[in-house]
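Visitor: Let me give you the structure first, and then I'll get to my questions.
The values are calculated or read from the model by the stated rules, or taken from the named source; none is laboratory data. Quick caveat: nothing in here was measured; it's all calculated off a predicted structure. A quick note on method: Cβ atoms are made from the backbone with ideal geometry, for glycine too, and the neighbour counts reach across all protein chains shown. Protein only, heavy atoms only, side chains kept; ligands, DNA and RNA dropped before computing areas. Shrake-Rupley method; radii C 1.70, N 1.55, O 1.52, S 1.80 Å.
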Amino acid sequence: MEKRQITGHTGLTCLLGSPVSHSVSPAMHNESFRFHGLDYVYLAFDVAPEQFEKAVDGLIAVNARGFNCTMPHKRRMHERADVLSEEACLIGAVNTVVQENGMLTGYNTDGKGYMTAVRDAGYDIIGGKMTLLGAGGAAASIIAQAAVDGVPKIDLIARKGNSWDAIQEVADRVNQRTACRVCMYELEDVKQMKESIRESRILVNASSVGMSPHEDVCLVPDESYLYPELIVSDVIYNPRKTRLLQMAERVGCNTFNGMYMLLYQGACAFELWTGKQMPTELVKEKYFR
């Protein structure tokens, strides 16, 4: 393929976060711009929290088409956005911004990315119960989007730590504004964990527990908590098979990891900026195999 040249007309999209050097987002977005012949570029900027407001002001000043936010900026961007989408309001965090004439519209595509990954893996979980492990941003995004999409009941199980109050606020908003019922339980209540999982269509690890280099840990104590008809997924994609997924496979569960959640959240952002669909099969083949 002929190399695309940066011109005086090239539009800017980018990622703000810290750290960002590991991100696959520049590769997948720039590949997609080339595919469609769009004169855009996607860059990754390592932005410290104290420089965040200046960075956003700079992107407005240079008329950037849009940008992504990753940790630690998602909640700050929620506060900064002029307009918020439904899911961003529910979650209280923004990972995708569209900029038009200085107006910043904030979205959160993480949950949509996850729910698309569920469908891509061949599963229909609408109407079934979900048990979700973790209380961070990924958990909040998945709860909100699953509720909007029609999952009627979600049991959230997490440690009662620093993020407990924030996820409780998300659960309260979801309970007030959607037909979904979210119940929260502490991780130490293993009896409740077993009961919740046994009632569920899908179990989701939305925490970082099990991520490299700590592959030997898992929030589910042992295989007796799982059953063969259960779908088990993990938002982690390094390693490809976490200890949870290995346990689930031994029991006979269907499993999938977080690789395609990453892909599809990016695809949602790409469409918001360009009005075109990301060539996800091409991106999968080049960057996700």
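Visitor: Determine which single condition N175 fails, assuming it passes every other condition in (1) part of a helix (DSSP H, G or I); (2) touching a Pro at 6+ places or on another chain (Cβ under 6 Å).
Guide: All conditions pass for N175, except number (2).
Visitor: Those residues that are basic (K, R) and more than 18 Å from the chain's Cα centre (by Cα), I need them from the stretch 264-289; list them, please.
Guide: K276, K286, R289 - these are the residues of the stretch 264-289 that are basic (K, R) and more than 18 Å from the chain's Cα centre (by Cα).
Visitor: I need a count of the residues in the stretch 211-238 that are open to solvent by less than 50 Å² (accessible area, probe 1.4 Å) and either modelled with pLDDT under 90 or hydrophobic (A, V, I, L, M, F, W, C) (or both).
Guide: 10
Visitor: Then there's this: Only one of these is more than 16 Å from G128 (Cβ to Cβ) and touching a helix residue (DSSP H, G or I) at 6+ places or on another chain (Cβ under 6 Å): K194, K160. Name it.
Guide: Selected residue: K194, the only one of K194, K160 that is more than 16 Å from G128 (Cβ to Cβ) and touching a helix residue (DSSP H, G or I) at 6+ places or on another chain (Cβ under 6 Å).
Visitor: Right, another one. List every residue pair whose Cβ atoms lie under 6 Å apart, where the two residues are 6 or more positions apart in sequence or sit on different chains, the first residue falls within the stretch 218-230 and is farther than 8 Å from C253 by Cβ, and the second residue, located anywhere, is assigned to a loop (DSSP other than H, G, I, E, B).
Guide: Short answer, once both residue conditions are applied: C218/G210; L219/V209.
Visitor: If you don't mind, another one. In the stretch 90-121, what count of residues is obtained for those that are without any contact (Cβ under 8 Å) to a residue 12 or more places away in the chain, closer than 19 Å to M261 by Cα and assigned to a loop (DSSP other than H, G, I, E, B)?
Guide: 0
Visitor: Can you pull out the residues in the stretch 222-263 that are more than 13 Å from the chain's Cα centre (by Cα), of a type in the set (A, V, I, L, M) and not in a helix (DSSP H, G or I)?
Guide: Scanning the stretch 222-263 gives L226, L230, I231, V232.
Visitor: Further question: Considering only the stretch 160-207, state which residues are among the β-branched types (V, I, T) and under 19 Å from the mean Cα position of the chain (by Cα).
Guide: Of everything in the stretch 160-207, those that are among the β-branched types (V, I, T) and under 19 Å from the mean Cα position of the chain (by Cα) turn out to be I167, V170, V174, V182, I202, V204.
Visitor: A further question on this structure: Looking only at the stretch 134-151, filter to residues that are surrounded by fewer than 20 Cβ atoms within 10 Å (Cβ to Cβ) and either part of a loop (DSSP other than H, G, I, E, B) or among the hydrophobic types (A, V, I, L, M, F, W, C) (or both); which one of those is modelled with the lowest pLDDT?
Guide: Ranking the qualifying residues of the stretch 134-151, first place goes to G136.
Visitor: Shifting gears a bit: Any chance the stretch 152-163 includes a residue that's surrounded by fewer than 24 Cβ atoms within 10 Å (Cβ to Cβ), basic (K, R) and modelled with pLDDT of 95 or more?
Guide: Yes, the conditions are met somewhere in the stretch 152-163.
Here is a yes/no grid of residues against (1) in contact with a Phe, Trp or Tyr (Cβ under 8 Å, 6 or more places away or on another chain); (2) modelled with pLDDT of 95 or more:
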site	(1), (2)
S85	yes, no
V98	yes, yes
M103	no, yes
I126	no, yes
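Visitor: Within the stretch 46-63, is even one residue touching a helix residue (DSSP H, G or I) at 6+ places or on another chain (Cβ under 9 Å) and crowded, with 24+ Cβ neighbours inside 10 Å?
Guide: Checked against the condition, which is being touching a helix residue (DSSP H, G or I) at 6+ places or on another chain (Cβ under 9 Å) and crowded, with 24+ Cβ neighbours inside 10 Å, the stretch 46-63 yields no hits at all.
Visitor: Would you check if Y287 is touching a residue at least 40 places away in the same chain (Cβ under 8 Å) and open to solvent by 70 Å² or more (accessible area, probe 1.4 Å)?
Guide: Judged against the criteria, Y287 is a match.
Visitor: In the stretch 15-45, which residues are over 22 Å from K276 (Cβ atoms), crowded, with 19+ Cβ neighbours inside 10 Å and not small (G, A, S)?
Guide: Across the stretch 15-45, the qualifying residues are L16, V20.
Visitor: State whether the residues of the stretch 122-133 include one that is touching a residue at least 60 places away in the same chain (Cβ under 8 Å), within 16 Å of S207 (Cα to Cα), surrounded by 20 or more Cβ atoms within 10 Å (Cβ to Cβ) and within 16 Å of the chain's Cα centre (by Cα).
Guide: yes
Visitor: What number of residues within the stretch 186-203 satisfy the criterion of being surrounded by fewer than 21 Cβ atoms within 10 Å (Cβ to Cβ) and either free of Cβ contacts under 8 Å to residues at least 60 places away in the same chain or in a helix (DSSP H, G or I) (or both)?
Guide: 10
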